[in-house]
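A short worksheet on the structure shown next.
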Amino acid sequence: MMNRTLAQADHEIAKIMAQELDRQKTTLMLIPSENYASRAVMEAMGSIFTNKYAEGYPKRRYYNGCEAYDALEQLAIDRAKDIFRCEHANVQVHTGSQANMAAFYCLLEKGDRILGMSVAHGGHLTHGLDRNFSGYFYEAHAYGLNPETDRLDYDGIMEVAKQVRPKLIIAGASAYPRIIDFQRFREIAEEVGAFLMADIAHIVGLVAAGSHPDPVPYCDIVTSTTHKTLRGPRGALILCPERLADRLDRAVFPGVQAGPLMQIIAAKAVAFKEAQEFGFREYQRQIIRNAQSLAQSLLEEDFTLVTGGTDNHLMLVDLRNKGITGREAANLLEAAGMCCNKNLIPGDPASPAETSGIRPGTPAVTTRGMKEPEMQLIGKWIARVIHDGRKEDGTPNETVIAEVRDQVAQLCEAFPIYEDLI
Ligand code: DSN
């Protein structure tokens, strides 16, 4: 039993995996929080490191037999500190949500006031949504975008912060296409005596490569996932200055987690090494160039972009002038081989299940090696599907969908991914 391959042990899961591999190879991954992990990262994730308990931290474990785990976790920590130019890194947090939970546990008491970006304006659930732990255990308040510009309005945030007097301000978003000014956030936090935390899950790779201003010098804690622009395994990390290191580590373990996923920590170490290598900075710069090219192509097709464009890896398309909802558009685009996600736009009159927007992004297509000419094609195909992909009765126009799906498949073939995986 121990030496069977997946195909031998479980043909049903093997079949699902083969189908999913085919989808990943033959369609365009345009969800900005998704990417392709390298083979080396996946090899570490699916390794013997899954077999061990290693509660504690390097050289301070509660289990015997942890020599290899001390070595790999220390490597991951040291590489994270190097990439993010910070004093301390915790690489044990399983997910972005748990990273934020640990950060709150480190800095706050139950019931303390927090101030984060409204989910309706692009913030994340863990930044204070009432149905999330962040809104349940803490007194959550929200800041939003300037309704004229749809950009962060730092003077407005200062006003809200003065009224609310939060103990923690959270900077960071899931659907904001512009630069975030962490220095301004620090000034606001100083003014009201709050801690400042940045959740850079989306822009983490851009930050690591110097393509987005660095939050580390201005924040008490920085949290992130590792699988988006950073292109590592599905997981998370937390950065902080040395003065908070012990408190933060205790907040992660035993605060919100027990056994760390050592195979994932090994994969994070691999991804961090890849981020230190030649080519990573250029990859991040190309993500932005590609996003700007795709944005320009969509503007030429009379799409409305929130804030008019992008500075980072994603754009928010307001579909209201196209007579289609975000849900309908994402479904049509998926049928045509372009996987996007529906997304609320600021002040959206539609529900989160329907939405008025989509949120295309370029990290994954850039991993495939695509550049500006391909982004121009993708922009045209998105337009073709949204403009002509439905018949008058609202049902999909299969001819148009099939025509675009064929073109997408040809492009994917020209930019292969995971060629030697089966
Ligand atoms: N769910 C992620 C995203 O897609 O932005 C954020 O956690």
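The values are calculated or read from the model by the stated rules, or taken from the named source; none is laboratory data. Computed from a predicted structure; not experimentally measured. Methodologically, a virtual Cβ is constructed for each residue, glycine included, from the backbone with ideal geometry; neighbour enumeration extends over all protein chains shown. To get the accessible areas, we keep the full protein, side chains included, count just its heavy atoms, and leave off ligands, DNA and RNA. Shrake-Rupley method; radii C 1.70, N 1.55, O 1.52, S 1.80 Å.
Of Gly337, Gly347, which residue is at pLDDT below 95 and in contact with a strand residue (DSSP E or B) (Cβ under 9 Å, 6 or more places away or on another chain)? I'd like the intermediate steps shown before the answer.
Working: Gly337 fails: at pLDDT below 95.
Going through Gly337, Gly347 in turn, the sole match is Gly347.
Any idea which of (1) over 30 Å from Lys342 (Cβ atoms); (2) within 16 Å of the ligand (Cβ to nearest atom); (3) of a type outside the set (A, V, I, L, M, F, W, C) is the one Ser97 doesn't satisfy?
(1)
Looking only at residues in the stretch 158-176 that are surrounded by fewer than 22 Cβ atoms within 10 Å (Cβ to Cβ) and of a type in the set (Val, Ile, Thr), which one is nearest to the chain's Cα centre (by Cα)?
Here the residue is Val160.
For the stretch 33-61, what are the residues that are within 16 Å of the ligand (Cβ to nearest atom) and open to solvent by 30 Å² or more (accessible area, probe 1.4 Å)?
The one that is within 16 Å of the ligand (Cβ to nearest atom) and open to solvent by 30 Å² or more (accessible area, probe 1.4 Å): Glu34.
Could you list, in sequence order, all residues of the stretch 130-143 that are within 22 Å of the chain's Cα centre (by Cα), under 13 Å from Met101 (Cβ atoms) and either crowded, with 19+ Cβ neighbours inside 10 Å or within 13 Å of the ligand (Cβ to nearest atom) (or both)? Write out each step before concluding.
Of all residues in the stretch 130-143, those within 22 Å of the chain's Cα centre (by Cα) come to 130-135, 142-143.
When the remaining residues are screened for being under 13 Å from Met101 (Cβ atoms), the result is 132-135.
If the condition is that a residue be within 22 Å of the chain's Cα centre (by Cα), under 13 Å from Met101 (Cβ atoms) and either crowded, with 19+ Cβ neighbours inside 10 Å or within 13 Å of the ligand (Cβ to nearest atom) (or both), then Asn132, Ser134, Gly135 are the ones that fit.
Tell me, which strands (runs of 3 or more DSSP E) wholly within the stretch 152-233 include 1 or more residues that are within 16 Å of the ligand (Cβ to nearest atom) and of a type in the set (Ser, Thr, Tyr)?
Values: elements: 168-171, 195-199, 221-225.
Once the strands (runs of 3 or more DSSP E) in the stretch 152-233 are filtered for at least 1 residues that are within 16 Å of the ligand (Cβ to nearest atom) and of a type in the set (Ser, Thr, Tyr), what remains is 221-225.
In the stretch 73-125, which residue that is part of a helix (DSSP H, G or I) and under 30 Å from Val317 (Cβ atoms) is nearest to the chain's Cα centre (by Cα)? Give the derivation first.
Of the residues in the stretch 73-125, the ones part of a helix (DSSP H, G or I) are 73-84, 96-107, 119-121, 125.
Among the residues that remain, those that are also under 30 Å from Val317 (Cβ atoms) are: 96-97, 99-100, 119-121, 125.
Numbers: Gly96: 9, Ser97: 11, Ala99: 13, Asn100: 14, Val119: 15, Ala120: 17, His121: 16, Leu125: 13 Å.
Step by step, filter the stretch 73-125, then rank; the result is Gly96.
Considering only the stretch 260-310, state which residues are at positive phi and among the charged types (D, E, K, R).
Asp302
Taking the conditions exactly as written (β-branched (Val, Ile, Thr), open to solvent by less than 40 Å² (accessible area, probe 1.4 Å) and at pLDDT 95 or above), does Thr399 satisfy them or not?
Details: β-branched (Val, Ile, Thr): yes; open to solvent by less than 40 Å² (accessible area, probe 1.4 Å): no; at pLDDT 95 or above: yes.
Criteria not met by Thr399.
Please work out if Phe278 is farther than 22 Å from Phe195 by Cβ and either within 16 Å of the ligand (Cβ to nearest atom) or open to solvent by less than 20 Å² (accessible area, probe 1.4 Å) (or both). Before you say what the answer is, go through the steps one by one.
Numbers: farther than 22 Å from Phe195 by Cβ: yes; either within 16 Å of the ligand (Cβ to nearest atom) or open to solvent by less than 20 Å² (accessible area, probe 1.4 Å) (or both): no.
It is false that Phe278 is farther than 22 Å from Phe195 by Cβ and either within 16 Å of the ligand (Cβ to nearest atom) or open to solvent by less than 20 Å² (accessible area, probe 1.4 Å) (or both).
If you check Arg368 against the conditions, is it of a type outside the set (A, V, I, L, M) and touching a Pro at 6+ places or on another chain (Cβ under 9 Å)?
Values: of a type outside the set (A, V, I, L, M): yes; touching a Pro at 6+ places or on another chain (Cβ under 9 Å): yes.
So Arg368 fits the description; yes.
So in the stretch 1-43, with the set limited to residues that are β-branched (Val, Ile, Thr) and free of Cβ contacts under 8 Å to residues at least 12 places away in the same chain, which one is farthest from Met262 (Cα to Cα)? Write out each step before concluding.
To start, the set of residues in the stretch 1-43 that are β-branched (Val, Ile, Thr) comprises 5, 13, 16, 26-27, 31, 41.
Then keep just the ones that are free of Cβ contacts under 8 Å to residues at least 12 places away in the same chain; that gives 5, 13, 16.
Working: Thr5: 22, Ile13: 24, Ile16: 26 Å.
Only one residue tops the list, namely Ile16.
Please state which of the following conditions Ala103 fails to meet, knowing it meets all the rest: (1) open to solvent by 10 Å² or more (accessible area, probe 1.4 Å); (2) within 16 Å of the ligand (Cβ to nearest atom).
Result: Ala103 fails condition (1) only.
For every residue, the table says whether it meets (1) open to solvent by 30 Å² or more (accessible area, probe 1.4 Å); (2) touching a residue at least 24 places away in the same chain (Cβ under 8 Å); (3) in a helix (DSSP H, G or I).
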| site | (1), (2), (3) |
| --- | --- |
| Ile324 | no, yes, no |
| Arg327 | yes, yes, yes |
| Thr355 | no, yes, no |
| Leu377 | yes, yes, yes |
| Ala383 | no, yes, yes |
| Gly394 | yes, no, no |
| Glu403 | yes, no, yes |
| Ile417 | no, yes, no |
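Looking only at the stretch 375-392, how many residues end up being among the acidic types (Asp, Glu) and farther than 16 Å from Glu301 by Cβ? It would help to see each step written out before you state the result.
Looking only at the stretch 375-392, we keep the residues that are among the acidic types (Asp, Glu), and these are 388, 392.
From what's left, farther than 16 Å from Glu301 by Cβ: 392.
Within the stretch 375-392, residues that are among the acidic types (Asp, Glu) and farther than 16 Å from Glu301 by Cβ number 1.
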